[in-house]
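The values are calculated or read from the model by the stated rules, or taken from the named source; none is laboratory data. Only a predicted model underlies this, so the values are computations on that prediction, with no experimental measurement involved. Cβ atoms come from the backbone with ideal geometry, glycine included; neighbour counts cover every protein chain shown.
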Amino acid sequence: MPIDYRQPLVWAITILIALLPPASAAARQDGGATPTAVSQAGLVVQHGDGSLTYAVVAFPEESISGIELLRRSGIAYLSIPFGGLGEGVCQIETEGCEVSECRRVVCQSTRSSPYWQYLDQTEAAVWRAAPLGASGSRVTDGDVLAWAWAAGTPVLPAVDLVEVAAAAGLDPAALETFGQAQTQDAVVRSGYSGERDVVSMAPVVGGVAALLIVAGAGVGLLFLRRRRVSGT
């Protein structure tokens, strides 16, 4: 009876296939991992002196909130919670007001006082106050948002994501793959001088000075009264 070699051959091929690494693992070993699709959004910060800070943020989600965009950009900021209304931004890059003033009047001690305004762009590339605020708005791929330290209506240049990326130091070729190597990333270029807004601190300094003057005058009057009572 002739020996059938086909069955052992089938078994050998089956075992060999089972021992081979998956295609995705082989791709990783070869350094050919498929880039992860990411969303990208731009951020513009306009300071009281007119200087602009630009940032591009890459994130894996389909959308994030405006306050999360600011957080992931890496730009220094200070915010406080307002319960169900979300977060209020008090300072960005050291310009703004202290927590106590922010909590009380959101940095607007008077109607002419500046405060941090959150803006988005219409389809006609016109900046406007974002209707839902930074905590309630949704930022998606290709969006550009802005923060402006102003009392009245801010005037910002209309920009798209490519222009923001260029201002942040990221060329168009690099923008195409930006963030694909990581789950999230950001690039920032700041035009802000970094000096504290002295206007918002003036009332505090003036108040302290007035208290010192009053206290000094009180001590002087008390000293004179004691001298008169003692007869010296």
*So is Thr110 surrounded by fewer than 18 Cβ atoms within 10 Å (Cβ to Cβ), of a type in the set (S, T, N, Q) and free of Cβ contacts under 8 Å to residues at least 24 places away in the same chain or not?*
yes
*Which condition number in (1) surrounded by 20 or more Cβ atoms within 10 Å (Cβ to Cβ); (2) touching a residue at least 40 places away in the same chain (Cβ under 8 Å) is the one that Ser135 fails?*
(1)
*Test for Gln184: is it at pLDDT below 95 and over 18 Å from Ile67 (Cα atoms)*: no
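Which ones in region 130-150 are over 25 Å from Val38 (Cα atoms) and either at pLDDT 95 or above or touching a His at 6+ places or on another chain (Cβ under 9 Å) (or both)?
Narrowing region 130-150 to residues over 25 Å from Val38 (Cα atoms): 131, 148-150.
Answer for region 130-150, where residues must be over 25 Å from Val38 (Cα atoms) and either at pLDDT 95 or above or touching a His at 6+ places or on another chain (Cβ under 9 Å) (or both): Ala148, Trp149, Ala150.
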*Which numbered condition trips up Ala27, out of (1) modelled with pLDDT of 95 or more; (2) in a helix (DSSP H, G or I); (3) of a type in the set (A, V, I, L, M)?*
(1)
*asked:* Please go through (1) buried (at least 21 other Cβ atoms within 10 Å of the Cβ); (2) without any contact (Cβ under 8 Å) to a residue 24 or more places away in the chain; (3) of a type outside the set (Phe, Trp, Tyr) for Ala148 and return the number of the only condition it doesn't satisfy.
replied: (2)
*Do you know which of the residues in region 79-93 that are in contact (Cβ under 8 Å) with a residue 24 or more places away in the chain and aliphatic (A, V, I, L, M) is surrounded by the fewest Cβ atoms within 10 Å (Cβ to Cβ)?*
Leu85
*Elements of type strands (runs of 3 or more DSSP E) contained in region 36-134, each with 2 or more residues being farther than 29 Å from Ala166 by Cβ*: 77-81, 87-92
